[in-house]
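Data block below; observations after.
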Amino acid sequence: MTALDLSGPVAVVGTGTMGQGIAQVALVAGHPVRLYDAAPGFAKTAAAAITARLDRLVEKGRIEATARDAATGRLSAVEDLADLAGCDLVVEAVLEQLDVKQRLFQDLEEVVAESCLLATNTSSLSVTAVAGALKHPERFVGLHFFNPAPLLPLVEVVSGHATDEAAATRAYETAKAWGKTPVRCADTPGFIVNRIARPFYAEALRLHEERAADPATTDAVLRECGGFKMGPFELTDLIGQDVNEAVTRSVWESFFQDPKFTPSLAQRRLVESRRLGRKSGQGWYAYGDGAEKAEPHTAAPASPPESVALHGELFQAAALVPLIEAAGVRVEAGHSGHPDFPGSIELPDGTRLRLADGTSADAAAEPTIQFDLALDYAKATRIALCPAARVSEQALAEAVGLFQALGKEVSVVRAPGLIVARTVALLVDFAHDAVARGVADAEDIDTAMRLGVNYPRGPLSWGAALGAYWVAEFLDNLHAEYPTGRYAPSQALRQAAAREEHS
Ligand SMILES: NC(=O)c1ccc[n+]([C@@H]2O[C@H](COP(=O)([O-])OP(=O)(O)OC[C@H]3O[C@@H](n4cnc5c(N)ncnc54)[C@H](O)[C@@H]3O)[C@@H](O)[C@H]2O)c1
C-alpha cells in the first residue's frame, strides 16, 4: 500500500490553527488542497494566511518563488461541503467535540467516494467513537499532527477498532511522503505522547504540592541534570495551564480515574484563577516587563572533602567515579560490597552518598544523602541532593562541595526518589505498560516521545540503559513511601525485570 498520489485532492475541514498547518503541509508536498470551514469566510481567510506564510518562507529563502506560485495555484477555499466531492483524503480539524465531529463525517460520507480516506486530527477523543456513526468506518483513521504542524515532524497514525490495516498504512505512507515522521498507534486515551508524558507534569506538580521542591528548582534540575529541553512548569506555562490540564483530565477520565493519571489540585487552582501561563501574563512564573525571575535553589559554594571511599559499584551512577578523581578528590577503595546491590560513596565522617532508589533517605542504616539520576553525569551542570534528617551540616556541605568540584550547581530538595530519577522511572513504566497493551511498538514510542515532546532519550531506550529491574525496584520503593497505587510498577515492567534477572 503506497501513499496517496500527489494529483489526488486533499480536503481540510476546520481551518483554524491545526487545519491551516495541515493544509500547508499537504500543499507544499504537492497536493491540490481544498479548505472548508463551517464559519462563512473562514476558509478564504485561512487560504490567505497560508499564502502569507508561504510568502515568508520565500523571503527567508526556504522555498523557491516558483514553488510558492505552484502551491498557491493548487489551493482553494470552498463554501459548501459538497465541493469536497472528488477528494482522496479529508483531514478534519474542527472543534474538539464528539457530536460535532460525528455529524460532520456522516455528512462527508454523503459527499465523497467510498475510496476516500477519512482522517481526524482529534487529540483527545476516541477515533473509534468519532467513526461510530459511519457506514464505512474501515477507511477512517486518526492523523494526529502536533502544533505547529508545518514544523513538528511527528504524526500519530491512529487505528480505531474498525480501521482497515490498508487504510492505516496508506495514511502512514502519505504522512511520510509529506516529509513527516509517522508512528502507528492504537486508539487509547492520549494515544502515545499524551499518555506517556503525563508523569512528566504530574511528578513536578506533586513535588510542588509536597513542598519537596519549588517550580524553578524542579525545572532547572530536569533541564540541567535530566537533559530535558524545558522543565514541566515552564513548558506548561508555554502550552497554557488550561490546555495542559484539559489533556490530563481527559486522559484520567478516559481511564476511569485510574490513580496513575490523577490531576493536580495546584494546577486546578491555577486554571480557576486564570493564571494560564505566558498568554495571561502569569502562570507558575510571572511574565512581562519587570517580572521577577524565579531562581532555582542553588547551594552556596563549599569545599569538597580531600578523599572519599567507594563501597561496591555505583552502576547507573558509575560515571561519577572518574569525574571525582579528575576533580582531584582521592577515591579510596572501601568494602567491595554485595555484587547485586548499588554501592555508595562515603564521606570522611561516615555519611553515605547514594543514587536515589525510591526510598526515603531517612530509612537508610547510615546517615545518607541521596543524589539524583543524570542523563549524563559528565555533561550535567546541576544535581539535586536529598539529605536524611540526621545528616550533619558539615557532611551536607562536603557533599555539596564534592559535586561543585565536578562543575555542578547543587540544589538541595526533600524528595524521596528525587526529581529526574522519579520522573524517568515513571516514564519508563508508562512506556512498558503501553507496549504490553499494544498501544504502539517500542521503537515508535521512543520516536514519538523524542519528536513529540522533545525528550532527550526515548523512555524505553533510557529504561534499557537503567535496567528494568532497577526501575521496578525504584518504583516498588516509592510505592512503599506513597501507597496510593500511583507508583506501583506495571505488570509489564515487573515482567521485563524478571526476564532481565533470569537472562
Ligand atoms: N491546537 C493544538 O495544539 C492541537 C494539536 C493537535 C490536535 N488538535 C486538534 O485539532 C482540532 C482543531 O483544533 P484547533 O486548535 O485548530 O481549533 P481552532 O479553534 O483553531 O479551529 C477550529 C475550526 O473549526 C471550525 N469548525 C467548527 N465546527 C465546524 C464544523 N462542524 N465544520 C467545519 N468547521 C468547523 C471553526 O470555525 C474553526 O475555524 C481539535 O480536534 C483539536 O483537538 C489541536
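Quick one: grab the alpha carbon gyration tensor of segment 10-187, order the square roots of its eigenvalues as a ≥ b ≥ c, and give me rounded if a/c is under 1.5, else prolate or oblate depending on whether a/b is larger than b/c. Walk me through the numbers before you get to the answer.
Values: a/c = 1.85, a/b = 1.42, b/c = 1.31.
In terms of gyration-tensor shape, prolate.
Rounded to a whole number of µm²/s, how large is the Stokes-Einstein D of the chain at 20 °C and 1.002 mPa s, given Rh as the Kirkwood radius over C-alpha pairs?
86 µm²/s
Which shape class applies to segment 2-90: rounded if a/c is under 1.5, otherwise prolate when a/b exceeds b/c and oblate if not, where a ≥ b ≥ c are the square roots of the Cα gyration tensor eigenvalues?
oblate
Over the chain, calculate the relative contact order: mean separation of alpha carbon pairs under 8 Å at least 6 apart, over the residue count, as a percent.
12 percent
What is the list of residues in segment 1-20 whose amide nitrogen lies under 14 Å from a point 7 angstrom out from the Cα of Glu114, following Cα to Cβ?
It comes to no residues whatsoever.
Can you pull the one-decimal nm distance between simple spin-label points at Ala465 and Thr381, each 7 Å off the Cα toward Cβ?
In this crude spin-label approximation the distance works out to 1.9 nm.
In segment 142-177, which GluC sites (Glu not before Pro) fall in coil by DSSP and have 13 or fewer other Cβ atoms within 10 Å?
Within segment 142-177, no GluC sites (Glu not before Pro) qualify (loop, at most 13 other Cβ atoms within 10 Å).
Starting from the Cα gyration tensor of segment 309-397, take the square roots of the eigenvalues, sort them a ≥ b ≥ c, and report rounded, prolate or oblate (rounded when a/c is under 1.5, otherwise prolate if a/b is larger than b/c, else oblate).
rounded
Roughly how many whole Å is it from the C-alpha centroid of segment 267-339 to that of segment 37-63?
A separation of 45 Å, based on Cα centres.
Counting only the heavy atoms of the protein chains, how much of Asp362 is accessible to a 1.4 Å probe, in Å² to the nearest 10?
The accessible area of Asp362 comes to roughly 90 Å².
Report, in degrees rounded to the nearest 10, the 0 to 90 angle that the Cα long axis of helix 98-111 makes with the longest principal axis of the chain.
Relative to the chain, helix 98-111 is tipped by roughly 40 degrees.
Please give, to one decimal in nm, the separation of the simple spin-label points placed at Ala82 and Thr298, each 7 Å out from Cα toward the Cβ.
6.7 nm
If r is the Cβ-Cβ distance from Gln491 to Ala65 and R0 is 60 Å, what FRET efficiency results, to the nearest 0.05?
Values: r = 58 Å, r/R0 = 0.96.
My answer for the efficiency is 0.55.
Counting only protein heavy atoms and a 1.4 Å probe, tell me what percentage of segment 407-503's accessible area is made up of carbon and sulfur.
It is 47 percent, rounded to a whole number.
Can you work out the Karplus-derived ³J(HN,Hα) for every residue in segment 343-359? Use 6.51 cos²θ - 1.76 cosθ + 1.60 with θ = phi - 60°, whole Hz, and x for glycine or proline.
For segment 343-359, the Karplus curve yields x, 8, 10, 9, 7, x, 8, x, 5, 9, 9, 9, 5, 3, 10, x, 8 Hz.
Any idea what angle helix 165-177 forms with the longest principal axis of the chain, computed on alpha-carbon atoms, 0 to 90 degrees, nearest 10?
Compared with the principal axis, the helix lies near 80 degrees.
Assigning unit charges at the beta carbon (Lys, Arg +1; Asp, Glu -1) and nothing else, what dipole magnitude in debye, to the nearest 20, does the chain show about its Cα centre?
For the chain, the charge dipole is close to 800 debye.
For segment 307-412, with every protein chain kept in place, what is the accessible area per residue (1.4 Å probe, Å²)?
Here the per-residue accessible area is 42 Å².
Where does the charge balance sit around Pro387 when Lys and Arg score +1, Asp and Glu -1, over other residues with C-beta under 10 Å from its C-beta?
Net of charged neighbours comes to 0.
Quick one: net charge of Gly132's neighbours, Cβ under 14 Å, K/R +1, D/E -1? Spell out each step's value before the answer.
Values: positive: Lys101, Arg103, Lys135; negative: Asp99, Glu109, Glu138, Asp187.
Computed value for this residue: -1.
Would you mind counting up the charge near Tyr172? Only other residues with Cβ under 11 Å from its Cβ, with Lys and Arg at +1 and Asp and Glu at -1.
Result for the local shell: 0.
Restricting the count to DSSP beta bridges whose residues both fall in segment 263-406, what percent are antiparallel, rounded to a multiple of 5?
Once the DSSP bridges in segment 263-406 are tallied, antiparallel ones form about 55 percent.
Mind grabbing the accessible area of Ser344 for me, 1.4 Å probe, Å², rounded to tens?
Looks like 0 Å² after rounding.
Considering only protein heavy atoms and a probe of 1.4 Å, how much of the accessible area of segment 4-69 is carbon and sulfur, as a whole percent? Show your work: numbers first, answer last.
On the way: 1660 of 2970 Å².
The value for segment 4-69 is 56 percent carbon and sulfur by accessible area.
Once both axes come from the Cα atoms, what is the angle between helix 468-481 and the longest principal axis of the chain, in degrees from 0 to 90, rounded to 10?
Orientation of helix 468-481: about 80 degrees from the principal axis.
Rounded to whole Å, give me the distance from the Cα center of segment 1-30 to that of segment 418-442.
Value for the Cα centre distance between the two parts: 33 Å.
Of all DSSP beta bridges in the chain, what percent run antiparallel (nearest 5)? Walk me through the intermediate numbers first.
Numbers: 15 of 52 bridges.
Expressed as a percentage, antiparallel bridges in the chain total about 30.
Counting only residues 5 or more places away or on other chains, whose amide H sits under 5 Å from the amide H of Leu353 once H atoms are built in the peptide plane?
Ile345, Glu346, Leu347, Ile369
Identify the GluC sites (Glu not before Pro) of segment 291-352 meeting these criteria: DSSP loop state and at most 14 other C-beta atoms within 10 Å of the C-beta.
Sites meeting the loop and neighbour criteria: Glu292, Glu306.
Return the subset of Lys229/Lys379; Lys180/Lys260; Lys135/Lys180; Lys229/Lys293; Lys101/Lys260 for which the Cα-Cα distance in this structure is over 20 Å, preserving the input order.
Lys180/Lys260; Lys135/Lys180; Lys101/Lys260
Take the Cβ-Cβ distance between Ala480 and Leu95 as r, set R0 to 51 Å, and report the resulting FRET efficiency rounded to the nearest 0.05. Could you put the intermediate results ahead of the total?
Values: r = 45 Å, r/R0 = 0.88.
According to the calculation, E is roughly 0.70.
The values are calculated or read from the model by the stated rules, or taken from the named source; none is laboratory data. Predicted model only: the values in this text are computed from it and were never measured. Heads up, the Cβs are rebuilt from the backbone with ideal geometry, glycines too, and the neighbour counts pull from every protein chain shown. To get the accessible areas, we keep the full protein, side chains included, count just its heavy atoms, and leave off ligands, DNA and RNA. Shrake-Rupley method; radii C 1.70, N 1.55, O 1.52, S 1.80 Å.
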